[in-house]
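Notes follow once the structure below has been shown.
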Amino acid sequence: MASADNRGVVYRGAGTVAVEDIAFPELALGNRKCEHGVILKVLTTNICGSDQHMVRGRTTAPEGLVLGHEITGEVIECGRDVEFVKQGDIVSVPFNVACGRCRNCRRGDTHICLNVNPERPGGAYGYVDMGGWVGGQAEYVMVPYADFQLLVFPDNDQAMEKILDLTMLTDIFPTGFHGCVTAGVQPGSTVYIAGAGPVGLAAAASAQLLGAACVIVGDMKPPRLEQAQSFGCETIDLRQDASMPELIESVLGVPEVDAAVDAVGFEASCHGHNHSHEQPATVLNATMEITQAGGRVGIPGLYVTEDPGASSEDARHGNLSMKFGLGWAKAMSFHTGQTPAMRYQRQLMQAILHEKTHIGSAVNATPISLDEASRGYADFDSGVARKFVLDPHGVLNS
Ligand SMILES: NC(=O)c1ccc[n+]([C@@H]2O[C@H](COP(=O)([O-])OP(=O)(O)OC[C@H]3O[C@@H](n4cnc5c(N)ncnc54)[C@H](O)[C@@H]3O)[C@@H](O)[C@H]2O)c1
Ligand SMILES: [Zn+2]
Ligand SMILES: [Zn+2]
């Protein structure tokens with residue numbers, strides 16, 4: 001097919017994305033043959049807070065990068081070595097690219113696959129430093145290692161009925177869930193979730209699914225806090241000048257929680273009246289302060305090795321003012337890194353299909369057309385309580 005047979009969302013420098021003609025995908029990445037891959041017609045592909053770090057110019061992402069790592073699609077072509085996935089299947093793509101063959105993949109750590117990124121362990125579609133895999137905010141995309149990676153939905157009609165929930169399986173639902181699992185959330189836990197963006201809301205819904213007694217979500221954006229309240233969370237507005245223990249005590253009657261999740265990352269704002277300023281270690285320090293001694297903090301929020309937009313020289317190279325001594329004194333554990341999305345996809349799919357969770361409405365899934373991507377990025381950046389779902393082929397009538 002000619003190159004104009006595909007269109008995608010392209011990063012064009014800080015603050016700018018554009019929908020452009022891009023090459024139709026091949027079963028290859030440069031010289032690397034991908035006969036184990038498939039071509040997908042993209043049905044839904046979500047905009048993520050992780051994309052925003054790049055679009056805000058806070059990473060070393062090159063101009064011209066085709067964005068998009070949250071991909072759900074229909075298989076239209078299978079490579080020679082694909083045995084089990086079939087043309088016509090509707091599938092969820094875990095956002096990590098993983099070979100299924102290296103030692104890390106073989107023990108389930110698909111977020112640090114050794115064979116998909118020459119620079120470092122771990123790959124992803126459409127992301128800086130993640131191996132050069134072409135992004136899926138596009139009409140068509142290639143997914144390698146299809147038999148290993150893809151989650152095939154059991155029934156296509158049912159999948160389309162629940163697509164606004166199922167589309168969250170590519171990243172944010174597993175990511176929120178992993179944040180809670182690694183924080184040690186159990187039935188009866190009290191939990192603090194920092195951040196009421198889509199990942200924070202997905203973590204809050206996950207904590208409920210895991211049986212938490214009380215889920216408290218903190219943010220500075222009132223519409224996002226209201227969204228958290230809409231499905232039964234307690235909230236704290238961090239624009240107040242109260243201390244974190246005081247804010248937690250105002251909800252629970254005690255100044256600490258059993259478990260905490262950082263769903264913010266390095267672009268964190270200060271608490272209190274200074275909330276328009278950034279302080280990259282705020283959430284790490286706040287969660288250490290309020291989590292029980294011996295407790296765990298799950299950290300899906302993203303931290304970078306290089307931040308060209310940081311306000312201090314240290315932070316430009318990823319060195320943050322973290323109160324690590326406090327964490328040591330309280331014998332705390334921290335769990336960081338990309339989520340191995342595949343690890344949770346099947347069980348979370350079942351929770352959706354059997355209506356044990358309503359993740360699409362928890363994060364306020366909002367379909368828009370591919371042509372509206374630029375507006376979607378801008379609205380998301382302004383802090384609306386929405387998770388934008390691009391619909392490149394108009395299958396959702398958006
Ligand atoms: N680990 C992974 O695999 C993975 C996957 C997906 C996303 N992420 C990361 O998770 C983070 C959240 O993603 P998102 O899509 O929800 O992003 P988002 O930018 O929409 O949400 C972040 C929210 O944090 C709030 N916030 C800022 N400072 C805060 C503070 N001090 N305390 C509490 N809240 C504060 C912001 O107001 C915003 O609402 C991002 O860093 C993203 O890159 C990681
Ligand atoms: Zn994402
Ligand atoms: Zn691997």
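The values are calculated or read from the model by the stated rules, or taken from the named source; none is laboratory data. Please read all numbers here as calculations on a predicted model, not as lab measurements. In this analysis, Cβ positions are derived from the backbone assuming ideal geometry, glycine residues included, and neighbour counts consider all displayed protein chains. Calculation scope for accessible area: heavy atoms of the full protein, side chains included, ligands and nucleic acids excluded. Shrake-Rupley method; radii C 1.70, N 1.55, O 1.52, S 1.80 Å.
Worth pointing out:
- DSSP bridge orientation in the chain - percent antiparallel, rounded to nearest 5: 55 percent
- Fraction of beta bridges assigned by DSSP in the stretch 174-335 that are antiparallel (%, nearest 5): 5 percent
- When every Cα-Cα distance of the chain is counted in 10 angstrom steps from zero, the calculated P(r) takes the values 5, 24, 34, 25, 10, 2, 0 percent.
- Rounded to whole numbers, the Karplus 3J(HN,Hα) couplings from phi for the stretch 317-325 are 10, x, 8, 10, 7, 9, 7, 5, x Hz, using 6.51 cos²θ - 1.76 cosθ + 1.60 with θ = phi - 60°, and x at Gly and Pro.
- Residue-count net charge about ALA293 - beta-carbon cut-off 13 Å; Lys, Arg +1, Asp, Glu -1: -1
- Look at the alpha carbon pairs under 8 Å that are at least 6 residues apart: their mean separation over the length of the stretch 174-335 gives a relative contact order of 22 percent.
- Annotation: amide H-H contacts under 5 Å for LEU29 (H modelled 1.01 Å from N, sequence separation of 5 or more, or interchain): CYS34.
- For the peptides 164-171, 343-350, the ranking by packing is 164-171, 343-350, with the highest mean count of neighbouring Cβ atoms within 10 Å listed first.
- For a modelled paramagnetic label at GLN158, 7 Å from Cα along Cα-to-Cβ, the residues of the stretch 337-366 in reach, with backbone nitrogen under 12 Å, are 349-355.
- Using the Cβ-Cβ distance between ALA242 and ARG346 with R0 set to 51 Å, the FRET efficiency from 1/(1 + (r/R0)^6) comes to roughly 0.75.
- Shape category assigned to the stretch 280-334 from the gyration tensor of Cα positions, a/c cut at 1.5: prolate
- Centre separation in Å (Cα based) which lies between the stretch 262-283 and the stretch 1-75: 30 Å
- Placing a label point 7 Å from the Cα of GLU226 along the Cα-to-Cβ direction, the residues of the stretch 177-202 with a backbone N closer than 16 Å are 196-197.
- Gyration tensor (alpha-carbon) shape descriptor, the stretch 307-375, a/c threshold 1.5: oblate
- Extension reserve of the SER382-GLU355 stretch, reckoned as 0.36 nm per residue once the Cα distance is removed: 6.6 nm
- Environment charge at GLU74 (Cβ cut-off 14 Å; Lys +1, Arg +1, Asp -1, Glu -1): -4
- Over 18 Å (Cα to Cα) - which of LYS221/LYS387; LYS41/LYS86; LYS356/LYS387; LYS162/LYS221 fall in this group: LYS356/LYS387; LYS162/LYS221
- Rolling a 1.4 Å probe over the protein heavy atoms gives the stretch 174-335 an accessible area of 40 Å² per residue.
- Per-residue Karplus couplings for the stretch 116-125, computed as 6.51 cos²θ - 1.76 cosθ + 1.60 with θ equal to phi - 60°, are listed in order as 10, 8, x, 7, 6, x, x, x, 7, 7 Hz, Gly and Pro entered as x.
- Within the shell defined by Cβ-Cβ distances under 10 Å, the residues around PRO280 carry a net charge of -4, with Lys and Arg each +1 and Asp and Glu each -1.
- Label zone at CYS270, where the point sits 7 Å out along the Cα-to-Cβ direction: the stretch 311-327 residues whose backbone N lies under 19 Å: 311-316, 320-323
- Reported to the nearest whole Å, the Cα centre-to-centre distance from the stretch 177-207 to the stretch 102-151 is 25.
- For SER269, nonlocal amide neighbours, meaning residues 5 or more places apart or on other chains whose placed amide H falls under 5 Å from its own, are GLN279.
- If only the Cβ of Lys and Arg carry +1 and only the Cβ of Asp and Glu carry -1, the dipole of the stretch 307-398 around its Cα centre is close to 540 debye.
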